Amino acid sequence: MSRNTFGHVFRFTTWGESHGPALGAVVDGCPPGLAIDEAVIQPFLDARRPGQSRFTTQRQEPDQVRILSGVFEGRTTGTPISLMIENVDQRSKDYSDVARAYRPGHADYAYDAKYGFRDYRGGGRSSARETAARVAAGAVARLVIPEVVILGYVSAIGGDAIDPANFDAAEITRNPFFCPDAQAAARWEVLVDTARKAGSSLGAVVECVATGVPAGWGAPLYAKLDAELAHAMMGINAVKGVEIGDGFAAAANTGEGNADPMRPNPAASDGHGHPLFTANHAGGIAGGISTGQPVVVRVAFKPTSSILTAMPTVTREGEATDLFTKGRHDPCVGIRGVPVVEAMMAAVLADQKMLHRAQCG
């Protein structure tokens, strides 16, 4: 069966295709009484919106969200919240060649193998256009976790990483790359421009940090906070890898080097002895449960598969051919992945907060 719903208590179901009339999400399980209107959601969609610079797809979508249900007099009612975003700038004619042959790197063949039928217009349901609905749902999730601050940014493009010594959170909104390092952003302009003009694409790494997550969210085994985060991030289009905390670097460390030492916390006055941590190699999660430290996730986006270089492929009838993808595409899809990663972080944390409350009060 198909799975289009994410979450346990705080849940959302996305619907729609890249070249359909609209797409959206139905959010269920949201607590009642939270202040909300379209203006609360729109800034997050604006951050993901295409066509804002030469470094992203030039498809012009306003991505204006409409709330169709679940809200009365500016507050959530506790019933399903339906969110809709219209598609207004489709160019389905760009995909006439895709109707007869599979694009390498895309989900064309896999969808056809599963369903025996596929929507070839922009990839249909497999298009990254679907992530607009996730961003809208994530904006609702943020209302459930006002104690948490979520910050996402691009930490590498094409293998060129930021210098942590140059990290400036204010810089993230000053450049088209969501980059906290002004020097790296300048280098990336050249990198992405070169790839774009060559009809190629580049991969990227997005890092996301959630601060203010209290100790105790998550579960020991089958709903580990890090497992839920990995599941959420791997479900984003074009994502091929996820790290929590030090991630793969932990495999090259020693036990003493990878441990997160603790010291007494003189500020802890609730009788629970909350410690001061002197490191955060675990990314704020131990045994599947949050420790109270910042939760740190890194997400690897592959290069955009839609490129202007002809690649060997086959037709639906199994005949050999070469195909390049026409249309408007991101030369680095990871750039606009930042708001999506943030949204999925918010959805997981909102769900885990409610699961924790259900069990522990």
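The values are calculated or read from the model by the stated rules, or taken from the named source; none is laboratory data. From a predicted model like this one, the values you see are computed outputs, not experimental measurements. Every residue, glycine as well, gets a Cβ built from its backbone with ideal geometry; the counts of neighbours run over all protein chains shown. In case anyone asks, the SASA skips ligands and DNA or RNA and just uses the protein heavy atoms, side chains included. Shrake-Rupley method; radii C 1.70, N 1.55, O 1.52, S 1.80 Å.
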Where residues in the stretch 7-22 are modelled with pLDDT of 95 or more and either in a loop (DSSP other than H, G, I, E, B) or of a type in the set (A, V, I, L, M) (or both), which of them is nearest to Arg142 (Cα to Cα)? Phe10
Residue match in the stretch 278-287 (condition: open to solvent by 20 Å² or more (accessible area, probe 1.4 Å), at negative phi, out of contact with any helix residue (DSSP H, G or I) (no Cβ under 7 Å at 6 or more places or on another chain) and not aliphatic (A, V, I, L, M)): yes
Condition first: touching a Gly at 6+ places or on another chain (Cβ under 8 Å), of a type in the set (A, V, I, L, M, F, W, C) and buried (at least 21 other Cβ atoms within 10 Å of the Cβ). Now tell me which residues in the stretch 1-31 satisfy that. Phe6, Phe10, Leu23, Val27, Cys30
So, Gly124, is that one on the phi > 0 side of the Ramachandran plot and in contact with a helix residue (DSSP H, G or I) (Cβ under 9 Å, 6 or more places away or on another chain) or not? yes
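Residue-by-condition table, conditions (1) acidic (Asp, Glu); (2) at pLDDT 85 or above; (3) out of contact with any strand residue (DSSP E or B) (no Cβ under 6 Å at 6 or more places or on another chain); (4) buried (at least 19 other Cβ atoms within 10 Å of the Cβ):
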site: Asp37; (1), (2), (3), (4): yes, yes, yes, no
site: Val40; (1), (2), (3), (4): no, yes, yes, no
site: Thr76; (1), (2), (3), (4): no, yes, yes, yes
site: Arg91; (1), (2), (3), (4): no, no, yes, no
Would you be able to say whether some residue in the stretch 306-323 is buried (at least 20 other Cβ atoms within 10 Å of the Cβ), charged (D, E, K, R) and farther than 20 Å from Leu229 by Cα? no
Residues satisfying the stated conditions in the stretch 284-308, i.e. under 18 Å from the mean Cα position of the chain (by Cα) and within 19 Å of Ile335 (Cα to Cα): Val296, Val297, Arg298, Val299, Ala300, Phe301, Lys302, Pro303, Thr304, Ser305
Hey, could you check the stretch 288-305 for residues that are modelled with pLDDT of 90 or more and in a loop (DSSP other than H, G, I, E, B) and say which is surrounded by the most Cβ atoms within 10 Å (Cβ to Cβ)? Thr291
Quick one: which helices (runs of 4 or more DSSP H) sit completely within the stretch 178-273 and have at least 2 residues that are open to solvent by less than 60 Å² (accessible area, probe 1.4 Å) and without any contact (Cβ under 8 Å) to a residue 40 or more places away in the chain? 182-197, 255-258
Name the single residue that is nearest to Gln64 (Cα to Cα) among those in the stretch 132-170 being open to solvent by less than 10 Å² (accessible area, probe 1.4 Å) and not aliphatic (A, V, I, L, M). Gly138
If you check His281, His329, His356, which single one turns out to be outside any helix (DSSP H, G or I) and over 30 Å from Arg103 (Cα atoms)? His281
